[in-house]
1. Could you list, ordered by first residue, the pairs with Cβ atoms under 8 Å in which the first is in segment 195-212 and assigned by TED's automatic domain parsing to the domain that holds residue 112 and the second is part of a loop (DSSP other than H, G, I, E, B), at least 6 apart or interchain?
2. Answer with yes or no whether residue 103 is more than 25 Å from residue 193 (Cβ to Cβ) and either in the same structural domain as residue 302 (by TED's automatic domain parsing) or within 19 Å of the chain's Cα centre (by Cα) (or both).
3. Which members of segment 110-120 meet the condition of being modelled with pLDDT under 85 and surrounded by 14 or more Cβ atoms within 10 Å (Cβ to Cβ)?
4. Cβ-Cβ distance below 8 Å, separation of 6 or more or different chains: which pairs start in segment 284-298 with a residue that is free of Cβ contacts under 8 Å to residues at least 12 places away in the same chain and not assigned by TED's automatic domain parsing to the domain that holds residue 233 and end on one that is part of a helix (DSSP H, G or I) and surrounded by 15 or more Cβ atoms within 10 Å (Cβ to Cβ)?
5. Select from segment 107-166 the residues that are over 25 Å from residue 229 (Cα atoms), part of a loop (DSSP other than H, G, I, E, B) and touching a residue at least 12 places away in the same chain (Cβ under 8 Å) and list them in ascending order.
6. With the requirement that a residue be under 10 Å from residue 283 (Cα atoms) and assigned to a loop (DSSP other than H, G, I, E, B), what does segment 43-69 give you?
7. Got a sec? Which of 57, 89 is at pLDDT 95 or above, in contact with a strand residue (DSSP E or B) (Cβ under 8 Å, 6 or more places away or on another chain) and either under 15 Å from residue 274 (Cα atoms) or in the same structural domain as residue 263 (by TED's automatic domain parsing) (or both)?
8. Give just the number: which of (1) closer than 24 Å to residue 235 by Cα; (2) at pLDDT 95 or above does residue 44 not satisfy?
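The values are calculated or read from the model by the stated rules, or taken from the named source; none is laboratory data. In this text, all values refer to a predicted model and were calculated from it rather than measured experimentally. Because the Cβ atoms are built from the backbone with ideal geometry, glycine has one as well, and the counts that use them run over all protein chains shown.
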């Protein structure tokens, strides 16, 4: 009987003065966050719902929207560039995200061993994140130039004939993937913070039992930071599906190449073209909703997989 009573949630009776104080605190809290609520409703919630409406219309920005039902979605199924852009984006994401995670984790593990110098290296790794994406797109054309780019000159020192990174369709995506590693500093910092939270006594116990560095890393360190790895995977996957600025600057902007750019046509770039170059705003809205559904589906799959792979210290 005592266990049953203990298991029940007791309802606390508040005195009239306490109830007034609680209502006053709630009103004060709502007042303080009201600018954020207003901004979210005006600049996030309303555009989302309005774009959903526009996806069902023929809208060219100049004339009023004309309701056409699901025609935009049917047109996407017949548009070869939609499938091409989705394929390019998928390949870029599948290769880029795991590569970013692995290199970021490796750098964080190295920083964990450098001691006092880690502060300098943390700053050095993070500084490229401050580079404007447009500048990164221009830098890509400079250092990956097939004739006199820095990357090919370095390869030439080792007797390797570098490819035409920016003009050969087979090498455009690898060049973009490698250039994306320029901004992995944020992931390195997050991983380093997670590594500092791994209990040192667990590592010491494993070493006393005869575990080597590889075993400690793979069987203790990585499982203990699996939640952080999962977070980085989710964030980088969403960012990769929305990649735009660097590729657009390098291959579609004013300074872009004059060669075929089908290999660099990512989904958001094609969406941007439909919306602001061809003024097919209704069609672009439908494309945006398709991307939203794809990202939600991919994220849901990652969450389901994480239930078996991610360790949570406080339990599942």
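1. So the pair list comes out as 195/112; 195/225; 196/112; 197/225; 198/225.
2. Values: more than 25 Å from residue 193 (Cβ to Cβ): no; either in the same structural domain as residue 302 (by TED's automatic domain parsing) or within 19 Å of the chain's Cα centre (by Cα) (or both): yes.
For residue 103, the condition - more than 25 Å from residue 193 (Cβ to Cβ) and either in the same structural domain as residue 302 (by TED's automatic domain parsing) or within 19 Å of the chain's Cα centre (by Cα) (or both) - is not met.
3. Of everything in segment 110-120, just one residue is modelled with pLDDT under 85 and surrounded by 14 or more Cβ atoms within 10 Å (Cβ to Cβ), namely 118.
4. Here the result reads none, with nothing in segment 284-298 linked to a residue that is part of a helix (DSSP H, G or I) and surrounded by 15 or more Cβ atoms within 10 Å (Cβ to Cβ).
5. Passing the criteria: 144, 145, 146, 149, 162, 163, 164, 165, 166.
6. Correct list: 55, 56, 59, 60.
7. Values: 89 fails: in contact with a strand residue (DSSP E or B) (Cβ under 8 Å, 6 or more places away or on another chain).
Among 57, 89, only 57 is at pLDDT 95 or above, in contact with a strand residue (DSSP E or B) (Cβ under 8 Å, 6 or more places away or on another chain) and either under 15 Å from residue 274 (Cα atoms) or in the same structural domain as residue 263 (by TED's automatic domain parsing) (or both).
8. Looking at each condition in turn, residue 44 falls short on (2).
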